[in-house]
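Data block below; observations after.
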Amino acid sequence: MMLAYFAIPLVAAILMLMYRAVAGPTIPDRVLAIDASTSLLCALMVLFAIMYGVYLLLVVAVALALLSYIGTLVLAKYLEGRSVGE
Amino acid sequence: MIGIATLLAYALLAIGGFCAVVGAIGLMRFPNYFVRLHAATVAVIGGSVIPLLGLAIYSLSIPAGWDERALYFSNALIIAALIVLTSPVGTHAMARAAHRAGVPVEPKVCDKLEEASR
């Protein structure tokens, strides 16, 4: 199946983003790398769901997109004022 | 025989893979945080939303029932819309918070936000 070859650049990009998430000098670098790799993982999960016919992975991808947004906003709030939930 | 929709889906997936790799290389190589935000935008919008649109087109031609095809199509479009709507908000909030938290702007040319908030 030709769809499997398109997973290779996405996985390579996620690995390079993981390097930045581990070696990033500041906390916003890590948050940015995790956020970008989560979005790439959503596309990868939809690709695998179509490839293998497992439609439960679509639910995981929707939840992952929403959780990445919530996590980024909470960490931005934490970095800005050092207090969450005001 | 390969259809025109499948060919379009393959083209979108190839563009998305290229944008993902280019954005990830930029996020590895760029000098400071505020420059890396541009590469992250390329990686998210170009590398995740465009493949999702391609997968939505591709899922209309898989050998399955119409209900399963509609499930894949609608879910891929919903995830693409979620990423398009939520990624700029998170990036903007993180950039503002990082500037306020004192992340260094190392090769500095011009910093209007620092002058304005002084």
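Quick notes
- Only one of A:11, A:22, A:60, A:74 that is closer than 21 Å to residue B:72 by Cα and surrounded by fewer than 22 Cβ atoms within 10 Å (Cβ to Cβ): A:60
To keep it simple, each residue is scored yes or no on (1) more than 7 Å from chain B (Cβ to nearest Cβ); (2) under 21 Å from residue A:69 (Cα atoms); (3) touching a helix residue (DSSP H, G or I) at 6+ places or on another chain (Cβ under 9 Å); (4) among the polar types (S, T, N, Q).
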{"residue": "A:10", "(1), (2), (3), (4)": "no, yes, yes, no"}
{"residue": "A:26", "(1), (2), (3), (4)": "no, yes, yes, yes"}
{"residue": "A:35", "(1), (2), (3), (4)": "no, yes, yes, no"}
{"residue": "A:40", "(1), (2), (3), (4)": "no, yes, yes, no"}
{"residue": "A:48", "(1), (2), (3), (4)": "yes, no, yes, no"}
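- Annotation: of all residues in region B:11-50 being hydroxyl-bearing (Ser, Thr, Tyr) and at the interface with chain A (Cβ under 7 Å from one of its Cβ atoms), the one that is surrounded by the fewest Cβ atoms within 10 Å (Cβ to Cβ) is B:33.
- Some residue of region B:85-108 being more than 22 Å from residue A:78 (Cα to Cα) and either among the polar types (S, T, N, Q) or more than 12 Å from every other protein chain (Cβ to nearest Cβ) (or both): yes
- Number of the exception - residue B:67 against (1) over 16 Å from residue A:57 (Cβ atoms); (2) crowded, with 16+ Cβ neighbours inside 10 Å: (2)
- Among the residues of region A:50-65, the ones that are at pLDDT 90 or above and within 7 Å of chain B (Cβ to nearest Cβ) come to 5 in all.
- Residues (out of contact with any Pro (no Cβ under 8 Å at 6 or more places or on another chain) and of a type in the set (Gly, Ala, Ser)) located in region B:96-118: B:102, B:116, B:117
- Test result for residue B:62, within 7 Å of chain A (Cβ to nearest Cβ) and of a type outside the set (Lys, Arg): yes
- Some residue of region A:59-77 being outside any helix (DSSP H, G or I) and without any contact (Cβ under 8 Å) to a residue 12 or more places away in the chain: no
The values are calculated or read from the model by the stated rules, or taken from the named source; none is laboratory data. These figures come from a predicted structure and were not determined experimentally. Reconstructed Cβ throughout: ideal geometry from the backbone, glycine too, with neighbour counts over all protein chains shown.
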